[in-house]
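Structure first, commentary second.
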Amino acid sequence: MSSRRDFLHRTLAISGLAMMPPRAHAASSLATRAIPGDGRRLAVVGLGTWQTFDVGRDAAARDNLGRLLSRFVELGGEVIDSSPMYGSAESVVGDLAAARKLRERLFLATKVWARGKDAGIAQMEESLRRFRTPRIELMQIHNLQDWKLHLPALRAWQTEGRIRHIGITHYSPGAYTEIEDILRREPLDFLQINYSLAEPESARRLLPLAAERGVAVIANRPFAEGALFGRVKDRTLPAAAADHGCRSWAQLFLRWILAHPAVTCAIPASNRIDYLEDNMAAGMGALPGFEEQKALARMAGF
């Protein structure tokens, strides 16, 4: 990921956008998609917190992330995805959201990843404490860990109003068969799964099945942990990418994901405001469709 800065500045400079003022992206609004069966619409670009928000009590890092979180909301962002396994990320998000009075603007999503029902409940209670909130918009069973034990507890909390939506997550094709079976048998609100130009396999069965079952989809690993930037490190963004709303490789990668109508939201992680603004611009205005997705893939060499 360290080379992304070179790609970003080079491609934006070519298109005359390297010196864009901070509010330049606000000219277009961030696109939204409906949560099936709920009626609420979510902004299509969210924010992951793995590694980037695990800063503990570092005051300088927290100040930077506070400004980033405010900018995220200012640009129309809503979904913040975290996990108890991401170190101090939940606490950092909770503290910053409270200090900047952003809680009501955020769609908080986190996960339970514990062995046993009681451990799972205790972990969820701790997540609410860290987030400084009595309720959470989305609780997900992380990587299917003890999902049969945790799902009844999630449903009970949902009935009590402590959780609005429930879901499952994974990142590996090795789990796709089990996920498919769960989606067919269990009523769920969300599926979080890896989907990118480098990891497109979930589009074969899982994304269509999610759409069929009325399950919203959060796309994780949108840059395949930086592998996509390595794939294009020696290439200049094609001029034709601008015709598809892309001014950087990151925007091309994200718009490729958002071209799939089953994807509700993608969650790139960032601790830099310039990267955040670049990512958010991918969801501004009209979203591409499948034909454009093919064109974007060809531009990226896939």
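Listing for the model above:
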item	result
Hits in region 81-100 (condition: among the hydrophobic types (A, V, I, L, M, F, W, C), closer than 18 Å to Glu125 by Cα and surrounded by 20 or more Cβ atoms within 10 Å (Cβ to Cβ))	Ala89, Val92, Val93
Evaluation of Val112 against (1) out of contact with any His (no Cβ under 8 Å at 6 or more places or on another chain); (2) crowded, with 17+ Cβ neighbours inside 10 Å (one fails), failing number	(1)
Selection within region 41-69 - aromatic (Phe, Trp, Tyr) and crowded, with 22+ Cβ neighbours inside 10 Å	Phe53
Of all residues in region 208-238 being of a type in the set (Gly, Ala, Ser) and outside any strand (DSSP E or B), the one that is farthest from Ser83 (Cα to Cα)	Gly230
Subset tally (residues that are part of a loop (DSSP other than H, G, I, E, B) and either modelled with pLDDT of 95 or more or farther than 25 Å from Leu228 by Cα (or both)) for region 20-50	16
Whichever residue in region 262-276 is in contact with a strand residue (DSSP E or B) (Cβ under 8 Å, 6 or more places away or on another chain) and more than 17 Å from Ile80 (Cβ to Cβ) and, among such residues, is surrounded by the fewest Cβ atoms within 10 Å (Cβ to Cβ)	Ala262
Unique match (being surrounded by fewer than 16 Cβ atoms within 10 Å (Cβ to Cβ) and modelled with pLDDT of 95 or more) among Ala242, Ala211, Ala300	Ala242
Residue within region 217-226 that is buried (at least 20 other Cβ atoms within 10 Å of the Cβ) and among the acidic types (Asp, Glu) present	no
Odd one out for Asn279, checked against (1) buried (at least 24 other Cβ atoms within 10 Å of the Cβ); (2) part of a loop (DSSP other than H, G, I, E, B); (3) not aliphatic (A, V, I, L, M)	(2)
Test for Arg130: is it buried (at least 16 other Cβ atoms within 10 Å of the Cβ) and either under 26 Å from Gln251 (Cα atoms) or at pLDDT 95 or above (or both)	yes
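The values are calculated or read from the model by the stated rules, or taken from the named source; none is laboratory data. The structure presented is a predicted model; accordingly, all values stated were derived computationally and were not measured. Note: ideal-geometry Cβ built from the backbone for every residue, glycine included; neighbour counts use all protein chains shown.
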